[in-house]
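The structure appears below as structure tokens.
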Amino acid sequence: MAMNFMGSRPDGFVINRLLQRQDEFLDKYDMTDSGSKFAARMLTDVMNDVLVKDYHTVPERLISPVNFKNRDNYFRTDISLKNYDMHSVYCFMLYNRAFPDWFRDISVEELLGKDWLISKLMRHALEKVED
């Protein structure tokens, strides 16, 4: 199970159990390669513990309208925000590996000034909506 985005109501069971497991893990292990592999299974184990409990999953289209397979869409200029239900979407997932090295060096002004989908999303998030 990939831990991409998780939300919880205050004092939610899954989040509290995950935090408890993480605390136990951090007390015993350092974050070496083998330790991080163990940590990656932690959420899956917690979710397996609570599968019989009440929980709600959010459809992927509402938390990741641009999924990892389509991550190049962030740099397209022909995609409008009108392609997405911006009133229903919770977030857009950003993937570190989706962005080339040169992208990490551009300024905020350069990013906001482009016609890329990611630029449109950032302007929208900053309430500078033109789409």
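Each value in this text was obtained by applying a stated rule to the coordinates, not by laboratory testing. Predicted, not measured: the structure shown is a model, and the values here were computed from it. Here Cβ is always computed from backbone atoms with ideal geometry, including for glycine, and neighbour counts include all displayed protein chains.
Multiply the residue separation of Asp72 and Asp23 by 0.36 nm, subtract the distance between their alpha-carbon atoms, and state the gained length in nm to one decimal.
Length gained, Asp72 through Asp23: 14.0 nm.
Find out how many positive minus negative residues lie around Ala98, taking Lys and Arg as positive, Asp and Glu as negative, among other residues whose Cβ is under 15 Å from that of Ala98.
+3
Compare the peptides 99-108, 118-127, 72-81 by average per-residue count of other Cβ atoms within 10 angstrom and give them in order, highest first.
Top of the packing list down: 118-127, 72-81, 99-108.
Quick check of the Kirkwood formula: for the range 60-125, what is the inverse mean of 1/r over all pairs of different Cα atoms, in Å?
Evaluated on the range 60-125, it is 12.3 Å.
Residues in the range 85-102, backbone N under 14 Å from the label point at Glu60 (7 Å along the Cα-to-beta-carbon vector): list them, ranges by number please.
93
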